[in-house]
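The values are calculated or read from the model by the stated rules, or taken from the named source; none is laboratory data. Quick caveat: nothing in here was measured; it's all calculated off a predicted structure. As a convention, Cβ positions derive from the backbone with ideal geometry for all residues, glycine included, and neighbour counts pool all protein chains shown. Heavy atoms of the whole protein, side chains included, go into the accessibility calculation; ligands, DNA and RNA do not. Shrake-Rupley method; radii C 1.70, N 1.55, O 1.52, S 1.80 Å.
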Amino acid sequence: MVAATLNLTLGAVNRPFVYRKGTVDEAVIAQALKIGAYDVSRLRRGSELMALYHRLAASGAPPLIVDTAANIGAAAVFFAYKLPQARILALEPDAAKFALLTANTAGLPVECMQASIAAECDAGAETPRIN
């Protein structure tokens, strides 16, 4: 792996973002941070989602965003800047990606967990589990 760092400009803030050069990380960064694929305001019901976000934030109940495949943190960083009053939970089971996720979200309101979500219960378990 060849680690590289790019300087993100998000509004008035500049911050480093670490990724693995020559890997799918480059496409992930482009999708989340350059073309804004996760910008809910562009969706057909985006105005409703943004209104809900603002209502929840105003009520003191922070909106919750769960990124269940957080990868290296591009979407989590996007959400932290786009929706700053949200509580963001970023899950990533892969150790190498998780290390980059925690580095890339340092200082942001993002809770990172090295975990995944399963759609099936373990044998004998009554409820689904978070690994």
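Assorted remarks:
- Rule-of-thumb Rg ratio for the chain [Cα; 2.2 N^0.38 Å; N residues]: 1.13
- Dipole magnitude of the chain about its Cα centre (Cβ charges: Lys, Arg +1; Asp, Glu -1), debye to nearest 20: 560
- Net charge in the neighbourhood of I65 (other residues with Cβ under 12 Å of its Cβ; Lys, Arg +1, Asp, Glu -1) is 0.
- With a cut-off of 15 Å between beta carbons, the residues surrounding S47 carry a summed charge of +3, where Lys and Arg count +1 and Asp and Glu -1.
- Accessible-area composition of the chain, carbon plus sulfur, in percent [1.4 Å probe]: 57
- Surface exposure of the chain, expressed per residue as accessible area with a 1.4 Å probe, stands at 59 Å².
- Where only DSSP H runs of four or more residues are counted, the chain gives -8500 deg cm²/dmol as its mean residue ellipticity at 222 nm, each run worth -39500 (n - 2.57).
- Net charge of Cβ neighbours under 13 Å - reference R87; Lys, Arg +1; Asp, Glu -1: -2
- Packing here is the average count of other Cβ atoms within 10 Å per residue, and on that basis the peptides 19-31, 79-91, 42-54, 104-116, highest first, run 79-91, 104-116, 19-31, 42-54.
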